[in-house]
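*Asks:* First the structure, then my questions, so here it is.
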Amino acid sequence: MTFARRTIAADCMFEGLGLHSGAPVRAVVRPGERGIRFRLGSRIIEAVPENVTDTARCTSLGGVATIEHLMSALAGLEVTDAEVEIEGPELPGLDGSSQVYVQEMLRVGLESLGESEIPTLYERLFIQEPRWKIALGSGTGHWRYVFETGPWPGTQAYESPQVHRDYPAELAPARTFVLESELEQVRSMGLGRGLDESSALVLGSHGYLNEERFHDEPARHKLSDAIGDIYLAGAPIRFLNFCGERSGHTGNVRMAALVRQALLR
């Protein structure tokens, strides 16, 4: 598969509170030419599945938590090369979505780095567990996610036939969410400290407890997260078809590892 390589045209700086830690954090995304790499002090961490260190509630890469929103934005804009400098334990939560990352990178512009090639993914990959499943194969960017929780909203599904086209307007703005019934548990675990009602959608037993951006915002956000996690494999999302049902970061990263292994054979 031949694909266009590109990076951002200038530095983009993002500051705010860590989504889970609540600590002040700073991230600078700089133009790159060596894939997507994170820099934490003197350490350089390649954005690949084998460098993932945790997938509980978020995706952590070499000790840098909550990378999925930025990785999703890079995938959605088809940015293949970038250097990300981090000050703090995780990426800033911003508005709880990938939207701010997308807007700022589009503001500074994107630059071409020519073309590159990766092998075609000839096999269809599938993971099924009792409570979730993921299927992925070569395709044209048809991505679908089925979100399920009960009793409300029950089952939601979001589907994009061309995810690289729809991403900026239809997926990037979808925010992280929390169930009202889990709020106390999340707080007791020391999570979500950088979120408020503007940056997290709260799902009650009969409806949203704050204003939603989309009627199916949870399904869209889960697909956006999956895009960020799968992009660790290094394959442009326009060349993949994906279907996830009730999957989370753990399953997504497992699939990213399978994709990477298949491409490196």
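The values are calculated or read from the model by the stated rules, or taken from the named source; none is laboratory data. Remember, it's a predicted structure, so these values are computed and weren't measured experimentally. Cβ atoms come from the backbone with ideal geometry, glycine included; neighbour counts cover every protein chain shown. Calculation scope for accessible area: heavy atoms of the full protein, side chains included, ligands and nucleic acids excluded. Shrake-Rupley method; radii C 1.70, N 1.55, O 1.52, S 1.80 Å.
*Asks:* Report D for the range 1-77 in µm² per second (integer): Stokes-Einstein, Kirkwood Rh on Cα pairs, 4 °C, 1.567 mPa s.
*Replies:* 95
*Asks:* Taking a ≥ b ≥ c as the square roots of the eigenvalues of the Cα gyration tensor of the range 1-130, is the shape rounded (a/c under 1.5), prolate (a/b larger than b/c) or oblate?
*Replies:* Note, shape of the range 1-130 comes out oblate.
*Asks:* Add -39500 (n - 2.57) for each DSSP H run of 4 or more in the chain, then divide by its residues: what number comes out at 222 nm, to the nearest 500 deg cm²/dmol?
*Replies:* -6500 deg cm²/dmol
*Asks:* For Glu159, tell me the accessible area in Å² from a 1.4 Å probe, rounded to the nearest 10.
*Replies:* We get 90 Å² for Glu159.
*Asks:* Among bridges DSSP assigns within the chain, what percent are antiparallel (round to 5)?
*Replies:* 75
*Asks:* Let me ask something additional. At q = 0.14, 0.15, 0.17, 0.20 Å⁻¹, what base-10 log of I(q)/I(0) does the Debye formula yield for the range 110-265 when every alpha carbon is treated as an equal point scatterer in vacuo?
*Replies:* Values returned for q = 0.14, 0.15, 0.17, 0.20 Å⁻¹ are -0.75, -0.84, -1.03, -1.29.
*Asks:* Another question, then. Please calculate the 1.4 Å probe accessible area of Arg246, with all protein chains present, and give it to the nearest 10 Å².
*Replies:* 90
*Asks:* Ok, one more. When ligands, DNA and RNA are left out and all protein chains stay put, how many square angstrom of accessible area per residue does the chain have with a 1.4 Å probe?
*Replies:* 44
*Asks:* As a test question: what accessible area, to the nearest 10 Å², does Asp196 have when a 1.4 Å probe is rolled over all protein chains in place?
*Replies:* It works out to around 90 Å².
*Asks:* Can you pull out the GluC sites (Glu not before Pro) in the range 1-67 whose DSSP state is coil and whose Cβ has at most 13 other Cβ atoms within 10 Å?
*Replies:* Sparse-neighbourhood loop GluC sites (Glu not before Pro): Glu33.
*Asks:* Of all beta bridges DSSP finds with both residues in the range 115-265, what is the antiparallel percent, to the nearest 5? Write down the numbers at each step before the final one.
*Replies:* Numbers: 18 of 25 bridges.
Roughly 70 percent of the DSSP beta bridges within the range 115-265 come out antiparallel.
*Asks:* Apply the Debye scattering formula to the chain, with a single equal point scatterer on each alpha-carbon and no solvent, then give log10 I(q)/I(0) at q = 0.11, 0.16 Å⁻¹.
*Replies:* These q points yield log10 I(q)/I(0) values of -0.55, -1.25.
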